Amino acid sequence: MKYRTGFLVGAALIGISLTALPAMAAPRPAGPFMAGPGTPVWGGPAMLEGIDLTKQQQKKIQTILQQAGDQDQTDTIRDDLGRVRRQIQDILSEPGQLDRPKIQALLQQQATLRAEQEARHLDVAEQIHDVLTPEQLSAIKARQAKIRDLMDQLREVQHPVPQASSN
């Protein structure tokens, strides 16, 4: 059970790292991951920011992301997740006895849908991984470690551990 949970957490982290960045309010210049002038299609996985990609790598990655985007457009997982979430909310807002077995069944359905979604994100991450050189992957790993360290420092500043008073 621990192995499965660890795998799902790992897959979720990879999926999160590949989630498209929100569209910026100001138009951005066209780049390797843009469909046209100022039209963000995919802001590029955050892990690729700052990595010097060849034109061939840019084209391959753009193709991978386009295919993933096309699949997402024809896929019903996102809609199914929303439907399940609404059903859970509806049950939780009904007066009277809570139907826990029904909520448990919906939560299981939601977990299955999320696992499918994360598996697809992992497939995309694997395809991108295979396009990158060992040096680029090392640079990504170093950058991610630096970001984690900075996030840990920020968390320490935002949520300091209370010091025991000496009184």
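Computed from the coordinates by the stated procedures, all read-outs in this text should not be read as laboratory data. Since this is a predicted model, take the numbers as computed values, not measurements. No Cβ is skipped: glycine too gets one built from the backbone with ideal geometry, and neighbour counts run over all protein chains shown.
Some points to look at:
- Pairwise FRET efficiency - D123 versus R83, Cβ, R0 = 22 Å, nearest 0.05: 0.40
- Here the 3J(HN,Hα) profile of the range 107-115, calculated from phi with Karplus coefficients 6.51, -1.76 and 1.60 at θ = phi - 60°, is 5, 5, 4, 4, 4, 5, 5, 5, 4 Hz, Gly and Pro shown as x.
- With R₀ fixed at 30 Å, the C-beta to C-beta distance from I103 to V161 puts the FRET efficiency at about 0.25.
- Maximal additional length on extending the T133-M151 stretch stands at 3.8 nm, based on 0.36 nm per residue less the C-alpha distance.
- Cβ-based charge dipole, the range 50-167, positive-most Cα from V124, L81, Q158: Q158
- Gyration tensor (alpha-carbon) shape descriptor, the range 88-167, a/c threshold 1.5: oblate
- Derived scalar couplings between HN and Hα for the range 148-154 equal 4, 4, 5, 5, 4, 5, 4 Hz in order, rounded to whole Hz, by the Karplus curve 6.51 cos²θ - 1.76 cosθ + 1.60 (θ = phi - 60°), x for Gly and Pro.
- Potential extension, A111-Q73 segment - 0.36 nm per residue separation minus Cα distance: 11.6 nm
- Net charge dipole size for the range 43-138 [Lys, Arg +1 and Asp, Glu -1 on Cβ; Debye, nearest 20]: 200 debye
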